[in-house]
1. Simple spin-label model, 7 Å along Cα-to-Cβ: Ile184 to Ile258 in nm?
2. Rounded to whole Å, give me the distance from the Cα center of the range 235-268 to that of the range 122-164.
3. Would you please give the FRET efficiency between Ala88 and Met193, computed as 1/(1 + (r/R0)^6) with r the Cβ-Cβ distance and R0 = 41 Å, to the nearest 0.05?
4. Multiplying the sequence separation of Phe219 and Phe122 by 0.36 nm and subtracting their Cα-Cα distance, what value in nm do you get?
5. Suppose R0 equals 35 Å; then what is the FRET efficiency for Ile130 and Glu104 from their Cβ-Cβ distance, rounded to the nearest 0.05?
6. What distance in nm separates the two pseudo spin-label positions at Arg96 and Leu79, each 7 Å out from Cα along the beta-carbon direction?
7. Mind giving me the nanometre distance, one decimal, between the label points for Val144 and Met304, set 7 Å out from Cα along Cα→Cβ?
8. Return the sequence-ordered ³J(HN,Hα) values of the range 89-100 in whole Hz as given by the Karplus equation 6.51 cos²θ - 1.76 cosθ + 1.60 applied to θ = phi - 60°, using x for Gly and Pro.
Amino acid sequence: MTMSNFETNPFAEEEVNPFADGSTKGKASGQSNYGGGAFYTTNPGSVSSVTSSRLTPLPHEPHDRGVTVDIPLELPKDLKAKEKELQAREAELKRREQELQRKESAIKKAGIVIEENNWPPFFPLIHHDIGNEIPIHLQTIQYVAFTTWLGLIFCLLYNIAAVTVAWLKGEGISIWFLSIIYLISGVPGAYVMWYRPLYRATRTDSALKFGWFFLCYSFHIMFCVLAAVAPPIIFKGKSLAGILPAIEIMTYNPVVGILYFVGFAFFAIETLLSIWVIQQVYMYFRGSGKAAQMKREAARGAMMTAL
């Protein structure tokens, strides 16, 4: 049997060129159609166009090779130095705290009270806390005394208003300046000279402070009587809204005269309240034995001065 009579191997794989022309492939294989393959396409021209195109390269990622990152590395010596510094600060704070506590304890032992300004609430100027610092049996007297101080402020303010009207009606500007002087000197003077001593006397029960209050409060009562009467001593008494200038002005200027009569009523009420306060304080002063104590302290002071 000759070689031409052998049949081809049915298991041999046929070499297929996916990029070859379809007609040529059909002629070579003797078949009209190809069953398919991974790269088989019915349009051979599209494959050539894909292979001829180039993919656009991706942009390079930005990187800063020249930038350096500083990582602080503290040496053991630096750590020890900072630790010593913190310990020194802590020791200094403890020392200051102990010093402050020592001073506070010394102040308390000496009987010195640190007063914080709390009145008036909207603009604290003075320390004032009757409900917490004054004994209950003396709070009424202290409240009325505080009322007389506020009453003096009101009387002097009203006096300025009345004298201002009198000045505008032709009484002269000099009486207006005097009314201003009464206010700016009388209000703080009354607080320092007699109200604060009474407040401290009732709080600490000091006989000497009570004595100082009696002396200064007596001058306060004398001023209130003088203002209520307003004798024709200084500028015919018209710098104070009292009874005598009110009668005089009423004859030719009724409006100013009525204002002066009202001022007289205010000063009279202030005088009566002040007399009640000094009577009540004196009764407590005598009844509590502070008078005898004051005499003993005065005698002891005189002896020490003589020695």
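1. Placing both labels 7 Å beyond Cα along the Cβ direction yields 3.2 nm.
2. 25
3. So the FRET efficiency works out to roughly 0.20.
4. Numbers: separation 97, 0.36 × 97 = 34.92 nm, distance 3.11 nm.
Value of the extension gain: 31.8 nm.
5. 0.90
6. The answer from the label model is 2.9 nm.
7. Label at Val144, label at Met304, 3.5 nm between them.
8. 5, 4, 5, 5, 5, 5, 5, 5, 5, 5, 5, 5
FYI, it's all coordinate maths here, none of it is from the lab. All values derive from a computational prediction rather than experimental measurement. So basically every Cβ, Gly included, is an ideal-geometry build from the backbone, and we count neighbours across all protein chains shown.
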